[in-house]
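Engineer: Sharing a structure here in structure tokens format.
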Amino acid sequence: MEHQETAAIASADTTRIKKYSPSIRLWHWSNTVIITGSLLTVLVNSTVLKPWTNAQLIADKLKEKGINVSEDQTRSAAFVLSDKVWAIHTYLGYALVALLVFRIVIELCGLADKTLIGKIKAAKHSFLSTKENRIANRNEMLIKILYAMFYIMLIVMAITGLALAFSDDIPVLKHMHFIRDIHEFTMYLILGFIIIHIAGVFMGERKRHKGIVSDMINGGWV
């Protein structure tokens, strides 16, 4: 009898599936690192290594030592460090594009009920067909739609980033100044999503969805 119960438990464990597959977890945490690094490079270049501010600082320090240099010379010196950080930003952008392609492949090759589109459809069906827990089902559907919008923002960020990276090689891109504006605006949208996401995870951990972070680390169980 005991043997049969043990076998039944083991059989039940084998039918359970992870909430998050290893590929999704790899993508999630890699994406987190890359986006964080990318945002940090923007922060550093817009504060500590801001070229126009540092150009004047370099000129003042050299003047104190009796060295007079032109504005173009100090500006060139100030842009050297800034350009190095932007180079890192570009490489992180390439990594972000690679991760985005990886995520699209996961979506296209995944099970129908585990893909983002499948989850959105399931959440919508639950909201429309179930009278109980209407607010919870509505919130779940809105969260899934928000994630879909995040992926769209990533696609826009990747396309505009690649356009900026290859603008020196493709002359027509160099004159499309709106690309940089779109890229920067999308960055702020992604930053806003990150803030909302972290706040949502924090609230979920304290209320109905405990273990969200650990589930994204070890996979969790459905």
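Computed from the coordinates by the stated procedures, all read-outs in this text should not be read as laboratory data. Nothing here was measured: the structure is a model prediction, and the numbers come from that model. Backbone-built Cβ (ideal geometry, glycine too); neighbour counts: all protein chains shown.
Engineer: Report the relative contact order of the chain, percent, no decimals, based on alpha-carbon pairs under 8 angstrom and at least 6 residues apart. Intermediate values should be presented prior to the final figure.
Structural biologist: Details: 146 pairs, mean separation 56.7, N = 222.
It rounds to 26 percent for the chain.
Engineer: Considering Cα pairs under 8 angstrom that are at least six residues apart, work out the relative contact order of the range 21-84 and quote it in whole percent. Numbers along the way, then the final one.
Structural biologist: Numbers: 28 pairs, mean separation 20.4, N = 64.
Reported as a whole number, the value is 32 percent.
Engineer: Can you list the equivalent-ellipsoid semi-axes of the range 53-152, largest first and in whole Å, using the square root of 5 times each Cα gyration tensor eigenvalue? Spell out each step's value before the answer.
Structural biologist: On the way: eigenvalues 609, 63, 9 Å².
Over the Cα atoms of the range 53-152, the semi-axes work out to 55, 18, 7 Å.
Engineer: Which trypsin sites (Lys or Arg not before Pro) in the range 42-146 sit in a loop by DSSP (not H, G, I, E or B) and have at most 10 other Cβ atoms within 10 Å of their own Cβ? Could you put the intermediate results ahead of the total?
Structural biologist: Details: sites: Lys61, Lys63, Lys65, Arg75, Lys84, Arg103, Lys114, Lys119, Lys121, Lys124, Lys131, Arg134, Arg138, Lys144; in loops: Lys65, Lys114, Lys131.
Loop-located and lightly packed - Lys65, Lys131.
Engineer: While we're looking at this one, here's another question. May I ask for the percentage of alpha-carbon pairs in the range 123-167 that lie more than 15 Å from each other? Walk me through the numbers before you get to the answer.
Structural biologist: Working: 557 of 990 pairs.
Roughly 56 percent, rounded to a whole number.
Engineer: Further question: Report, in cubic angstrom per residue, the convex hull volume of the C-alpha atoms of the range 98-143.
Structural biologist: Values: hull volume 2.9 nm³, N = 46.
Residue-normalised Cα hull volume stands at 62 Å³.
Engineer: Of the cross-linked pairs Lys61/Lys174; Lys63/Lys174; Lys19/Lys207; Lys50/Lys144, which ones have a Cα-Cα span greater than 27 Å in the structure shown? All intermediate terms of the calculation are to be shown ahead of the outcome.
Structural biologist: Details: Lys61/Lys174 35 Å; Lys63/Lys174 36 Å; Lys19/Lys207 19 Å; Lys50/Lys144 38 Å.
Violating the 27 Å limit, Cα to Cα: Lys61/Lys174; Lys63/Lys174; Lys50/Lys144.
Engineer: What are the membrane-span-like helices in the chain by this rule: whole DSSP H runs, Cα extent along the axis at least 27 Å, mean Kyte-Doolittle hydropathy at least 1.0? Mind dumping the intermediate values first?
Structural biologist: Details: long enough: 22-46 (36 Å, 0.70); 71-109 (56 Å, 0.87); 134-165 (46 Å, 1.33); 178-206 (42 Å, 1.07).
Span-like helices here: 134-165, 178-206.
Engineer: Here's something else I'd like to know. In debye to the nearest 20, how big a dipole does the range 111-222 give about its Cα centre with +1 on each Lys and Arg Cβ and -1 on each Asp and Glu Cβ? Intermediate values should be presented prior to the final figure.
Structural biologist: On the way: 14 positive and 9 negative charges, 150 e Å.
Dipole of the range 111-222, to the nearest 20 debye: 720 debye.
Engineer: Which of the chymotrypsin sites (Phe, Trp or Tyr not before Pro) across the range 82-190 are loop residues per DSSP, with 12 or fewer other Cβ within 10 Å? Could you put the intermediate results ahead of the total?
Structural biologist: On the way: sites: Trp86, Tyr91, Tyr94, Phe102, Phe127, Tyr147, Phe150, Tyr151, Phe166, Phe178, Phe185, Tyr188; in loops: Phe166.
For chymotrypsin sites (Phe, Trp or Tyr not before Pro) across the range 82-190 that sit outside H, G, I, E and B with at most 12 neighbouring Cβ atoms in 10 Å, the list reads Phe166.
Engineer: I want to verify the translational diffusion coefficient of the range 111-222 in µm²/s; compute it with Stokes-Einstein, Rh as the Kirkwood radius over Cα pairs, at 37 °C and 0.692 mPa s. List each step's numbers first, then the result.
Structural biologist: Numbers: Rh = 16.7 Å.
It diffuses with D of about 197 µm²/s by this estimate.
Engineer: Over the range 111-222, what relative contact order in percent results from Cα pairs under 8 Å that are six or more residues apart?
Structural biologist: On the way: 56 pairs, mean separation 17.8, N = 112.
16 percent.
Engineer: Which of Ile35, Phe79, Asn68 sits farthest toward the positive end of the charge dipole of the range 21-84, with +1 on the Cβ of Lys and Arg and -1 on the Cβ of Asp and Glu?
Structural biologist: In the range 21-84, that residue is Ile35.
Engineer: Additional query: By what distance, in whole Å, do the Cα atoms of the range 21-84 stretch along each of the three principal axes, largest value first?
Structural biologist: 63, 15, 14
Engineer: For Lys124, what is the net charge nearby, where nearby means another residue's Cβ is under 11 Å from its Cβ and Lys, Arg count +1, Asp, Glu -1? Display every interim value, and only then the final one.
Structural biologist: Working: positive: Lys119, Lys121, Arg138, Lys144; negative: Glu140.
In short, +3.
Engineer: With a Förster radius of 22 Å, plug the Cβ-Cβ distance of Ile152 and Asp181 into 1/(1 + (r/R0)^6) and report the FRET value to the nearest 0.05.
Structural biologist: Values: r = 18 Å, r/R0 = 0.80.
FRET efficiency, Ile152 to Asp181: 0.80.
Engineer: Pick the calculated Rg and Dmax of the Cα atoms in Å for this structure from [x] 24.3, 94; [y] 17.1, 54; [z] 44.3, 128?
Structural biologist: Here Rg and Dmax of the Cα atoms in Å agrees with entry [x].
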